[in-house]
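The values are calculated or read from the model by the stated rules, or taken from the named source; none is laboratory data. Model, not experiment: these values are computed from the prediction. Don't worry about glycine lacking a Cβ; one is built from the backbone with ideal geometry, like all the others, and counts go over all protein chains shown. Each accessible area value is taken on the protein alone, full model and side chains, heavy atoms only, with ligands, DNA and RNA left out. Shrake-Rupley method; radii C 1.70, N 1.55, O 1.52, S 1.80 Å.
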Amino acid sequence: MKKNKDSLESLMKQLETITKELESNSINLEESLKKYEEGIRIYKQCHDIINSAELKIKVLNDDNCDGGI
């Protein structure tokens, strides 16, 4: 999987797929742990993307409030 190249939407779909697989109880414990680890990694990527977007919005809002537009 590509790191930092996937869109938030793509990553969220991957998380949804992993969640469904884990909830289905159709995979063994070892595979469940691998899926869980992958889910945590994807979650962290999503978190980073969202934090970056929030920071950009804050900067834009601060610029506008300081006599910008």
Accessible surface ranking that places the most exposed of K35, K56 first, with a 1.4 angstrom probe: K56, K35
Local electrostatic count, E23, Cβ distance below 14 Å [Lys/Arg +1, Asp/Glu -1]: -1
Per residue, in Å², the accessible surface of the chain once ligands and nucleic acids are set aside, probe 1.4 Å: 83
Cβ charges +1 (Lys, Arg) and -1 (Asp, Glu), total dipole of the chain, debye: 220
Accessible surface of the chain [probe 1.4 Å, protein heavy atoms]: carbon and sulfur percent: 56
Kirkwood Rh (inverse of mean 1/r, distinct Cα pairs), the chain, angstrom: 14.0
